[in-house]
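Participant: I am attaching a structure below and will ask some questions about it afterwards.
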Amino acid sequence: MEIVVFGAGSLGSLVGGVLAREHDVTLVARPAHAEAVRIGGLTVTGAVDLHVSPSATTDSRGLAADLAIVTVKAADTPTAADALATGSFDAVLSLQNGMGNEETLADRLEPPVLAGTATYGAILQEPGVAECTGQGEVVLGTRTGGRAPLAERIGNAFDAAGLETTVAGDMPRRRWEKLAVNAAINPVTALSNVDNGAVLEPPAADLARSAAWETARVARACDVSLSDREATAAMERVAADTAANTSSMRQDVLAGRRTEIDAINGYVVDRAADHDCAVPTNRTLTALIRSWERGVGHR
Ligand code: PAF
């Protein structure tokens with residue numbers, strides 16, 4: 001299968017690297033990373049260990065492939081969609097954090113857009129080298145739920161490359177579950193500058209659980225069946241599997257980049273307001289991260 005990974009940072013490089021064992025992969029990446037991959041190939045270390053030679057480019061326009069996997073930061077989704085619209089793809093799959101990305105892609109693109117979640121821990125160590133800091137899985141399926149041959153085909157292609165993949169018929173619920181995972185782990189680890197495993201221990205555990213419970217409550221208000229226990233169990237499973245990982249939001253803060261707070265905890269706060277739900281933990285975490293972003297000039 002020909003696959004373009006659009007936004008090959010940490011997660012995109014890990015996923016693209018695994019897929020390149022079996023498929024014809026092109027990474028769309030920042031200049032230094034694209035150049036390093038072109039010259040010396042892509043190395044993945046840690047829980048996944050491989051060296052592959054995918055194509056790599058910084059030119060995101062006019063690309064063509066069977067599948068485009070979108071792994072850009074949530075705030076960059078509209079720009080990614082506009083660039084993808086200049087190319088030709090049979091399907092588009094988002095493996096991004098946060099909510100709203102699939103809708104943005106589907107609004108601007110003709111090919112079918114599938115929903116996906118990824119729970120791998122990943123860090124881009126240096127140009128050309130990504131580290132897998134926690135085994136996870138990819139879950140994918142149709143955006144509104146239900147089965148589709150296209151999703152099965154992509155799931156089979158991922159499996160063939162050894163990428164742990166589940167094709168799910170309940171993506172709306174899975175997306176809210178992943179939202180609870182990110183709402184709990186990302187801002188707590190970013191604000192306290194700790195690895196993901198810290199949310200399993202006091203004093204961070206109470207805060208993380210509260211963020212996950214609130215997210216589950218809002219999911220139910222939006223008619224998605226996600227219990228408090230399911231949300232907490234998912235969060236704790238991912239935190240244990242990626243205990244030594246630096247969450248993507250902590251990576252963003254450490255690098256002085258804008259975070260995905262709007263698409264994660266900010267989304268929970270907005271949907272809670274629609275349904276008159278109280279979400280004090282998500283509201284506080286959102287305000288603290290936004291206040292940091294404002295302080296460093298991102299707002
Ligand atoms: O954003 C992240 O860092 C990741 O989604 C996850 C799965 C929480 C691992 O750190």
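The values are calculated or read from the model by the stated rules, or taken from the named source; none is laboratory data. Predicted, not measured: the structure shown is a model, and the values here were computed from it. Here the Cβ positions follow ideal geometry from the backbone for every residue, glycine too, while neighbour counts run over all protein chains shown.
Participant: If a residue must be out of contact with any Leu (no Cβ under 9 Å at 6 or more places or on another chain) and either in contact (Cβ under 8 Å) with a residue 40 or more places away in the chain or of a type in the set (D, E, K, R) (or both), how many such residues does region 135-149 contain?
Facilitator: Of region 135-149, the ones out of contact with any Leu (no Cβ under 9 Å at 6 or more places or on another chain) are 135-136, 139, 144-147, 149.
So of that shortlist, the ones also either in contact (Cβ under 8 Å) with a residue 40 or more places away in the chain or of a type in the set (D, E, K, R) (or both) come out as 135-136, 147.
Residues meeting the conditions: 3.
Participant: Moving on to the next point. Quick test for you: out of E230, E164, E236, E201, pick the one residue that is modelled with pLDDT under 95, farther than 19 Å from A287 by Cα and surrounded by fewer than 24 Cβ atoms within 10 Å (Cβ to Cβ).
Facilitator: Details: E230 fails: modelled with pLDDT under 95; E236 fails: modelled with pLDDT under 95; E201 fails: modelled with pLDDT under 95.
Selected residue: E164, the only one of E230, E164, E236, E201 that is modelled with pLDDT under 95, farther than 19 Å from A287 by Cα and surrounded by fewer than 24 Cβ atoms within 10 Å (Cβ to Cβ).
Participant: Let me confirm something: among G100, G9, G62, G116, which residue is touching a His at 6+ places or on another chain (Cβ under 9 Å) and not assigned by TED's automatic domain parsing to the domain that holds E177?
Facilitator: Working: G100 fails: touching a His at 6+ places or on another chain (Cβ under 9 Å); G62 fails: touching a His at 6+ places or on another chain (Cβ under 9 Å); G116 fails: touching a His at 6+ places or on another chain (Cβ under 9 Å).
That would be G9, the only listed residue that is touching a His at 6+ places or on another chain (Cβ under 9 Å) and not assigned by TED's automatic domain parsing to the domain that holds E177.
Participant: Give the residues of region 102-127 that are away from the ligand (no atom under 12 Å from the Cβ) and farther than 17 Å from G145 by Cβ, sorted by residue number.
Facilitator: Correct list: T104, L105, D107, R108, L109, E110, P111, L124, Q125, E126, P127.
Participant: Please determine whether any residue of region 122-134 is within 14 Å of the chain's Cα centre (by Cα) and free of Cβ contacts under 8 Å to residues at least 60 places away in the same chain.
Facilitator: No, that holds for no residue.
Participant: In region 156-186, which residues are over 14 Å from T232 (Cα atoms), among the aliphatic types (A, V, I, L, M) and not in a strand (DSSP E or B)?
Facilitator: The answer is A157, A160, A161, L163, A168, M171.
Participant: Ok, one more. Looking at region 178-198, can you tell me whether even one residue there is within 16 Å of the ligand (Cβ to nearest atom), on the phi < 0 side of the Ramachandran plot and at pLDDT below 95? First the steps, then the outcome.
Facilitator: Quick first cut of region 178-198, residues within 16 Å of the ligand (Cβ to nearest atom) only: 178-198.
After this cut, where a residue has to be on the phi < 0 side of the Ramachandran plot as well, the list is 178-192, 194-198.
With the extra rule that they be at pLDDT below 95, the set shrinks to none.
No; the residues of region 178-198 include none that is within 16 Å of the ligand (Cβ to nearest atom), on the phi < 0 side of the Ramachandran plot and at pLDDT below 95.
Participant: Could you give me the residue pairs with C-beta distances under 9 Å whose first residue belongs to region 242-257 and is more than 8 Å from A190 (Cβ to Cβ), whose second residue is part of a helix (DSSP H, G or I) and more than 10 Å from the ligand (Cβ to nearest atom) wherever it lies, and which are 6+ apart or on separate chains?
Facilitator: Qualifying pairs under 9 Å: T242/G197; A243/G197; A243/A198; A243/L200; A244/G197; N245/G197; T246/L254.
Participant: Given the residues T26, T45, T77, which is the only one that is within 19 Å of the chain's Cα centre (by Cα) and under 26 Å from T259 (Cβ atoms)? Quick ask: steps written out before the conclusion?
Facilitator: Values: T26 fails: under 26 Å from T259 (Cβ atoms); T45 fails: within 19 Å of the chain's Cα centre (by Cα).
Result of the check over T26, T45, T77: T77.
Participant: If I filter region 1-36 down to residues being hydroxyl-bearing (S, T, Y) and within 16 Å of the ligand (Cβ to nearest atom), which single residue comes out as surrounded by the most Cβ atoms within 10 Å (Cβ to Cβ)? Don't jump to the end; show me each part of the working.
Facilitator: Filtering region 1-36 for residues hydroxyl-bearing (S, T, Y) gives 10, 13, 26.
Still in the running and within 16 Å of the ligand (Cβ to nearest atom): 10, 13.
Numbers: S10: 22, S13: 32.
Ranking the qualifying residues of region 1-36, first place goes to S13.
Participant: Is it the case, given these coordinates, that A80 is small (G, A, S), surrounded by 22 or more Cβ atoms within 10 Å (Cβ to Cβ), in the same structural domain as A29 (by TED's automatic domain parsing) and not in a strand (DSSP E or B)?
Facilitator: Values: small (G, A, S): yes; surrounded by 22 or more Cβ atoms within 10 Å (Cβ to Cβ): yes; in the same structural domain as A29 (by TED's automatic domain parsing): yes; not in a strand (DSSP E or B): yes.
Answer is yes for this residue.
Participant: Something else: Taking the stated definitions as given, is S192 farther than 21 Å from A240 by Cβ and either surrounded by fewer than 24 Cβ atoms within 10 Å (Cβ to Cβ) or acidic (D, E) (or both)? Reasoning before the result, please.
Facilitator: Numbers: farther than 21 Å from A240 by Cβ: no; either surrounded by fewer than 24 Cβ atoms within 10 Å (Cβ to Cβ) or acidic (D, E) (or both): yes.
No: the conditions fail for S192.
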